[in-house]
Amino acid sequence: MVFAQDGEIVSPGQPICVEEEFLPGENTKLHGDGVVASITYGRVRYDRRARKVKVEPLKPVEEVRVGDTVLAEVKEVQDKIAVVEIISVDGRPLKHPRTAFILPAPRMRGTMDEYVGVGDLVVAVVINIFAGVIGLTIWRQGLGAIYSLCDSCGGLLKRTQKGLVCTRCGKREKRKIVHYYGNMARLASMVG
Amino acid sequence: MEKPKLISEDGVRVDGRRLDELRPIKMEVGVLDKSDGSAYVEFGKTKVFAAVFGPREVHPKHLALPERAILNCRYHMTSFSVEDRKPLGMTRREVELSKVIREALESIVFLEEFPRTSIDIYVEVIQADGGTRTTGLTAASLALADAGIPMADMIAAVAVGKVEGHLVLDVCDIEDKYGEADLPVAMAPRLNSIVLLQLNGRLSREEFQKAMALAREGISKIYQMQREALKRKYSSVEEG
Amino acid sequence: MPMQPKKSLTVRIMQDKIYRLLQQGKRLDGRRPDEVRPVRIETGLVEKADGSALVSMGGTKILVGIKAEVGTPYPDRPKEGSFTVNAELLPLASTTFEPGPPDERGIELARVVDRSLREGGALDLEKLCIIPGEKVYILFIDIYVLDYDGNYYDPSLLAAVAALATAKIPRYEVGEDGKVEKTEERFSLQLTAIPTTITIGIIKELLLVDPQIEEENVLDVSLVVGTDEKGNIVSIQKNSPGLIPIGLMDRITELAYEKTEELRRKLIESAGIPLP
């Protein structure tokens, strides 16, 4: 028995079909009476070959997933980790910013403050999420700070042949940066 | 004030309804832009907004749970929603209703999908004419669905009253005020479950059974309207 | 150029984007810098209130309700009724509003609306007297921000004025025993002025009106200016940190007059308010 057709909009609790017809997939739940019902507000999608049914949410909940590339603002730098706030995921701004941690490189020498500073915007990849705690890496090609602020005066750091130099006080700083460091247009597109 | 006659000889109520008749109901989904999901619901002159935020990070952080999301709910009435101006801030009644509404919703939301976050639900009563908690819960459930939060079912709710010895569906304020009993009921129909139940007043065992049956009838109609409201929102998006 | 307070990188990026648009006479949502968002006014939707109005200005929605009570006048103003304005920034309106008693922003909003009504002379308070020195009407004007997409000031005052103008206040009369009693009758408040405000935002040397939230978050500074229909300025509130360059004040004033007048016309038309 099929209660909802392919493409039909269903709401939570709404019966879609019986288990004999299609097995429960994403966003569905099998009830005791053999009925597969939706658990979200979305559109029914049948996969006839796999004999499975799922529901595609109309308004998916905002989530960060392992493998996502994120833009984050550094809030605090500790000895071996940095605390950041994720601003956007794959170019889509987050409505509710999420706290995450930049984890140390496997054999990291020195301390985290040699790689990122407070106020920096960094590009990172989500490598694990455990019990809601998000772990990030910047230890790959193409990841790191895209714009940085001077640790002493908060001025913008500019890339020069001598490395990063503060545009305000002239101090030199160390960071792990991306190759397009300082590219405002690219940054603006990532902020969303 | 002297108690007015609330039910006529031939079973017509003070606002012209039959004993088992709901008030005119209006439901609209996605009415407040800044929330993640929202709804506006009217049961007669009872008018309620509900909005959902989240899942989002918990503040203060130490309240976060590693294994599931926490659900917060605030049921609140505007100062001009009632006959005599309600003082600002939360009354004890509002605190209690916030709790029973939250607990009703906690029983259907898949909280374990979002550890260390909170889902915050705000129910704002802009006019109260009886059945505000049930209208609020009906609206909150729509707002949660609109926010894309996974749930085992929707919740529909209504209050049954006993007025001049008769059981009546969907009590309005004056019936509540002069009636003998008020029984707010919320159900998750697909789960065959009751998720909110309170009684203010006195009912015999038989009356209670009848009242629950009456509530169930009303709830199944409200539940159907919720589904239609959700469908309507999407079809209007498609056209616009 | 004066130094504005330091901002985070994300704020700087957004500010830069908005500033560049302003230089071309444009804004994020397609408006001109001096363009107010569409205003919609609906009155009387809360029947239990003595007056009510739901005003939306773009994505910002404000609900105002009025309740009249009878109380004693202030000793120094025995022949005058009174009004009090309260505002609650409801948590369902924005991620930045927290549940709880009104915070400083809510209190500031209420006080700006209060001053605009009071100094704008919107109400003839002597008409709200029942027994001089003993009994007067007290109007509670309660503002609720339902949806917050920037600038809750201007729509709050519009809603307060619309609610007052369309209110039907229960009449109290002195009975034979000298007691004040509520009657079945209701009366309208005759507004004696129609104050409106406009919020003006500043980035560097450029001005914009009625900021929406993305703009509000990155403005160097902003202020609210209220006028009445006689050409008086009746309220001013610099409502954010930052510096207002003195040299901009003439342009600000000019813009404020033009825009408050425009909002006043809209209010009179859409709420059907008779001119004082």
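List every residue pair whose Cβ atoms sit under 8 Å apart, with the two residues 6 or more apart in sequence or on different chains, where the first one lies in segment A:22-36 and is under 12 Å from A:TYR46 (Cα atoms) and modelled with pLDDT under 95 and the second, anywhere, is surrounded by fewer than 19 Cβ atoms within 10 Å (Cβ to Cβ) and of a type in the set (S, T, N, Q).
Every condition considered, no pair remains.
Can you report the number of residues in segment C:6-39 which are loosely packed, with under 15 Cβ neighbours inside 10 Å, of a type in the set (D, E, K, R) and not in a loop (DSSP other than H, G, I, E, B)?
Selection size over segment C:6-39: 2.
Taking the residues in segment A:151-169 that are in contact (Cβ under 8 Å) with a residue 24 or more places away in the chain and part of a loop (DSSP other than H, G, I, E, B) as candidates, determine which candidate is farthest from the other protein chains (Cβ to nearest Cβ).
Looking at residues that are in contact (Cβ under 8 Å) with a residue 24 or more places away in the chain and part of a loop (DSSP other than H, G, I, E, B), I get A:ASP151.
Say we look at segment B:1-33 and pick out the residues that are within 29 Å of A:THR40 (Cβ to Cβ) and touching a Phe, Trp or Tyr at 6+ places or on another chain (Cβ under 6 Å); which of these is surrounded by the fewest Cβ atoms within 10 Å (Cβ to Cβ)?
If we filter segment B:1-33 for residues that are within 29 Å of A:THR40 (Cβ to Cβ), which is where we start, we get B:22, B:25-33.
Keeping just the survivors that are touching a Phe, Trp or Tyr at 6+ places or on another chain (Cβ under 6 Å) gives B:25, B:28, B:31.
Values: B:ILE25: 19, B:GLU28: 17, B:VAL31: 21.
Filtering first and then ranking leaves B:GLU28.
Would you mind stating whether B:VAL185 is in contact with an Asp or Glu (Cβ under 7 Å, 6 or more places away or on another chain), touching a residue at least 40 places away in the same chain (Cβ under 8 Å) and within 15 Å of B:ALA104 (Cβ to Cβ)? Explain how you work it out, then say what you get.
Values: in contact with an Asp or Glu (Cβ under 7 Å, 6 or more places away or on another chain): no; touching a residue at least 40 places away in the same chain (Cβ under 8 Å): yes; within 15 Å of B:ALA104 (Cβ to Cβ): yes.
No; evaluated as a whole, the condition is false for this residue.
Looking at (1) more than 7 Å from every other protein chain (Cβ to nearest Cβ); (2) closer than 23 Å to B:GLY44 by Cα; (3) of a type in the set (Gly, Ala, Ser), which is the only condition B:SER107 fails?
(2)
Would you say C:VAL55 is touching a Lys or Arg at 6+ places or on another chain (Cβ under 8 Å), away from chain B (no Cβ under 13 Å), part of a strand (DSSP E or B) and under 27 Å from B:SER35 (Cβ atoms)? Spell out the reasoning first.
Numbers: touching a Lys or Arg at 6+ places or on another chain (Cβ under 8 Å): yes; away from chain B (no Cβ under 13 Å): yes; part of a strand (DSSP E or B): yes; under 27 Å from B:SER35 (Cβ atoms): yes.
Judged against the criteria, C:VAL55 is a match.
With the condition kept exactly as written, say whether any residue in segment C:150-163 is at pLDDT 95 or above, surrounded by 20 or more Cβ atoms within 10 Å (Cβ to Cβ) and over 24 Å from C:GLY51 (Cβ atoms). Before you say what the answer is, go through the steps one by one.
In the first step, residues of segment C:150-163 are kept if they are at pLDDT 95 or above; the result is C:150-163.
Subset that is surrounded by 20 or more Cβ atoms within 10 Å (Cβ to Cβ): C:150-163.
Retained after the next criterion (residues that are over 24 Å from C:GLY51 (Cβ atoms)): C:150.
Scanning segment C:150-163 turns up at least one residue that is at pLDDT 95 or above, surrounded by 20 or more Cβ atoms within 10 Å (Cβ to Cβ) and over 24 Å from C:GLY51 (Cβ atoms).
Restricting to segment B:81-94, name every residue that is facing chain C (nearest Cβ under 7 Å) and either farther than 22 Å from B:THR138 by Cβ or free of Cβ contacts under 8 Å to residues at least 12 places away in the same chain (or both). It would help to see each step written out before you state the result.
From segment B:81-94, those facing chain C (nearest Cβ under 7 Å) are B:81-83, B:85, B:88-89; that's our starting set.
Matches in segment B:81-94: B:GLU83, B:ARG85, B:LEU88, B:GLY89.
Would you confirm, using the coordinates I've provided, whether C:ASP124 is surrounded by fewer than 23 Cβ atoms within 10 Å (Cβ to Cβ) and away from chain B (no Cβ under 14 Å)?
On the way: surrounded by fewer than 23 Cβ atoms within 10 Å (Cβ to Cβ): yes; away from chain B (no Cβ under 14 Å): yes.
Yes; evaluated as a whole, the condition is true for this residue.
For segment C:90-121: of the residues being more than 23 Å from C:ALA162 (Cα to Cα) and small (Gly, Ala, Ser), which is farthest from the other protein chains (Cβ to nearest Cβ)?
Restricting to residues being more than 23 Å from C:ALA162 (Cα to Cα) and small (Gly, Ala, Ser), the top hit is C:GLY100.
Table: residues versus (1) in a strand (DSSP E or B); (2) within 30 Å of A:ASP151 (Cβ to Cβ); (3) assigned by TED's automatic domain parsing to the domain that holds A:ILE177.
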{"position": "A:ASP33", "(1), (2), (3)": "no, no, no"}
{"position": "A:VAL36", "(1), (2), (3)": "yes, no, no"}
{"position": "A:VAL53", "(1), (2), (3)": "yes, no, no"}
{"position": "A:ALA100", "(1), (2), (3)": "yes, yes, yes"}
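Are there any pairs with C-beta distances below 7 angstrom linking a residue in segment A:125-137 that is over 17 Å from B:PHE114 (Cβ atoms) and in the same structural domain as A:VAL84 (by TED's automatic domain parsing) to a residue that is assigned to a strand (DSSP E or B) and of a type in the set (Phe, Trp, Tyr), with the two at least 6 apart or on different chains, and if so which?
A:GLY135/A:PHE101; A:LEU136/A:PHE101
Which of the residues that make up segment A:55-70 are in a loop (DSSP other than H, G, I, E, B) and away from chain B (no Cβ under 14 Å)?
Of the residues in segment A:55-70, the ones in a loop (DSSP other than H, G, I, E, B) are A:58-68.
Scanning segment A:55-70 gives A:VAL66, A:GLY67, A:ASP68.
Does at least one position in segment B:86-102 carry a residue that is touching a helix residue (DSSP H, G or I) at 6+ places or on another chain (Cβ under 6 Å) and either modelled with pLDDT of 95 or more or crowded, with 19+ Cβ neighbours inside 10 Å (or both)?
In the first step, residues of segment B:86-102 are kept if they are touching a helix residue (DSSP H, G or I) at 6+ places or on another chain (Cβ under 6 Å); the result is B:97, B:101.
From what's left, either modelled with pLDDT of 95 or more or crowded, with 19+ Cβ neighbours inside 10 Å (or both): B:97, B:101.
Among the residues of segment B:86-102, at least one is touching a helix residue (DSSP H, G or I) at 6+ places or on another chain (Cβ under 6 Å) and either modelled with pLDDT of 95 or more or crowded, with 19+ Cβ neighbours inside 10 Å (or both), which makes the answer yes.
Against the condition closer than 21 Å to B:MET27 by Cα, within 14 Å of chain A (Cβ to nearest Cβ), touching a helix residue (DSSP H, G or I) at 6+ places or on another chain (Cβ under 7 Å) and surrounded by 24 or more Cβ atoms within 10 Å (Cβ to Cβ), how does B:ALA156 come out, does it pass?
Details: closer than 21 Å to B:MET27 by Cα: yes; within 14 Å of chain A (Cβ to nearest Cβ): yes; touching a helix residue (DSSP H, G or I) at 6+ places or on another chain (Cβ under 7 Å): yes; surrounded by 24 or more Cβ atoms within 10 Å (Cβ to Cβ): yes.
Considered against the rule, which asks whether it is closer than 21 Å to B:MET27 by Cα, within 14 Å of chain A (Cβ to nearest Cβ), touching a helix residue (DSSP H, G or I) at 6+ places or on another chain (Cβ under 7 Å) and surrounded by 24 or more Cβ atoms within 10 Å (Cβ to Cβ), B:ALA156 comes out as yes.
The values are calculated or read from the model by the stated rules, or taken from the named source; none is laboratory data. From a predicted model like this one, the values you see are computed outputs, not experimental measurements. All Cβ positions, glycine included, derive from the backbone under ideal geometry; neighbour counts span all protein chains shown.
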